[in-house]
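The values are calculated or read from the model by the stated rules, or taken from the named source; none is laboratory data. What you see is a predicted model, and the numbers here were worked out from it, not measured in a lab. Methodologically, a virtual Cβ is constructed for each residue, glycine included, from the backbone with ideal geometry; neighbour enumeration extends over all protein chains shown. Please note that ligands, DNA and RNA were not included when accessible areas were found on the heavy atoms of the full protein model with its side chains. Shrake-Rupley method; radii C 1.70, N 1.55, O 1.52, S 1.80 Å.
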Amino acid sequence: MREFNEEMISFIDASPTPFHAVEWMAKTLECRGFIALAEDEEWNLEIGSDYYVTRNDSSIIAFTYPPCQEKGYTILGAHTDSPHLRLKPNPLTTSAGVKRLGVEPYGGVLLNPWFDRDLALAGRVVYLEGEVRKEALININLPIAVIPSLAIHLDRDANSSRTINAQTDIVPIIATGDVDFETFILSQIQANSSELTLLAHELSFYDTQKGSFVGVNSEFIASARLDNLLSCYVGLKALLETSNPMMLACMDHEEVGSDSHVGAGGTFLEETLRRIAGENFTTLMRRSLMVSCDNAHAQHPNFPTKHESEHAPLLNCGVAIKINSNQRYATSSRTQGRFVQCARALQIPTQTFITRSDIGCGSTIGPITSTRLGIETIDVGVPTLGMHSIRELSGISDAYGLYRILMHLGDF
């Protein structure tokens, strides 16, 4: 379990953006013999081979072939994106003698923890090298920016009533001297020519602090982007180690609603499955199971009443099965029963999670893919504290338990 968690932390540290996460997963799959497919080419799938395909370099689907004739695929769904601060297209501004880079919050980001952190920058850039348009991933893994707090002397109500204006209060500072933003970004690209022109970018700030084990007995994992790179890693490991037919679908843009050509609301997963199944697509969907893996809210020890008392997941007490009568989660009694049967056979604990009836419920890719594909689905997740913060917290045993269940779920 320790080795499993150490590798998971390394994966998350190496994946500051969905582009980097997909690149890491693709390289790992290739090392294990998976064959890369291209969406714009014909597929000639061979029995006994393993494959993967990417879209936009930020979503990835990997699968064994063929699916089981009786049980179809166990499809593991997760998402590659996390709430963060995204650089604006023309970000450079000056205020109070310092240069700043304007940002736009991506997803439901918890803004307070972003103050006074050493921030790095990573993402994808599109540029011209001479007259040829190219793309590159960059990762400026250095503390190049910070968002300083306003001193309490200047805001005596800071500990009781301070709010954050996303436009004016959360702007990272980078320098006092002159900065040429385009030159700085292009300097991060390894190119054969110095004649480079920046065309566009998708760049995100992230905390330079690496993931770590925390607690007197090292029982917790603290890291950025546990939601939901933890599930991407768990799904990848299960796919690589299972003996059952399996598919992994890690999709971008979940944190902003999934409605994009690379999100769960798009066509990527459905088109992939149709190319695999051909005229047997409907049969494959009737026999398959979708497991939507997305972190669950652990009961907060300082705010225990925020949870339904009988459905409050605890850290290191097992994966949470997420249920909502209004179908914000796609779990049914049938899919829950199958999952719990597998967990009990392996002697792995599970928990159930529902939101309080007077608190709004979030959602996952589970209901979206279930609706689009017509596939039976269960929503599960590792209990997590501080979700959508710049640094989140989970237990050391829960991700490993989920991995073991997913490996064997096809047996049930």
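Between the beta carbons of Leu154 and Phe213, assuming R0 = 35 Å, the FRET efficiency works out to 0.40 to the nearest 0.05. Please return the longest range in the chain lying between exposed loop sites, taking trypsin sites (Lys or Arg not before Pro), DSSP loop only, at most 15 other beta-carbon atoms within 10 Å, and leaving the sites out. Looking at the chain, 211-355 is the longest stretch - no exposed trypsin sites (Lys or Arg not before Pro) with at most 15 other Cβ atoms within 10 Å. Shown here for the range 133-236: GluC sites (Glu not before Pro) in loop regions (DSSP other than H, G, I, E, B) with at most 15 other Cβ atoms within 10 Å, namely Glu195, Glu219.
Backbone amide hydrogens, once placed in the peptide plane, bring Asn141 within less than 5 Å of nothing, excluding anything fewer than 5 places away on its chain. Solvent exposure of the range 195-306, expressed per residue, is 39 Å² of accessible area, with all protein chains present and a 1.4 angstrom probe. Against the main long axis of the alpha-carbon atoms of the chain, helix 333-345 sits at an angle near 90°. Sequence-distant contacts, meaning Cα pairs under 8 Å at least 6 residues apart, place the relative contact order of the range 32-140 at 13 percent.
Compared with the dominant Cα axis of the chain, that is its longest principal axis, helix 398-408 is turned about 40°.
Translational diffusion of the range 31-177 was estimated from the Stokes-Einstein equation, with Rh taken as the Kirkwood radius over Cα pairs; at 20 °C and 1.002 mPa s the coefficient is 108 µm²/s. For the chain, the dipole from Cβ point charges (+1 on Lys and Arg, -1 on Asp and Glu) about the Cα centre works out to 1060 debye, to the nearest 20. For the chain, the carbon plus sulfur part of the accessible surface works out to 47%, probe radius 1.4 Å. Solvent exposure of the range 36-156 amounts to 48 Å² per residue of accessible area, where only protein heavy atoms count and the probe is 1.4 Å.
To the nearest ten degrees, helix 226-241 and the longest principal axis of the Cα atoms of the chain are 40 degrees apart. The ellipsoid that matches the Cα gyration tensor of the range 273-384 has semi-axes, each √(5λ) in whole angstrom, of 29, 16, 10, with the longest given first. Modelled spin-label separation between Thr197 and Leu110, with each label point placed 7 Å from Cα along the Cα-to-Cβ direction: 4.5 nm.
Across the cross-link table entries Lys88/Lys134; Lys237/Lys322; Lys99/Lys134; Lys27/Lys210, which are compared at the Cα atoms, the separations over 24 Å belong to Lys99/Lys134. For a quick check, take a GNM of the chain with Cα springs below 10 Å and name the residue from Val380, Val216, Val109 with the largest mean-square fluctuation. Greatest mean-square fluctuation among the candidates belongs to Val216.
For the range 310-409, the per residue solvent-accessible surface stands at 40 Å², with DNA, RNA and ligands left out and a 1.4 Å probe.
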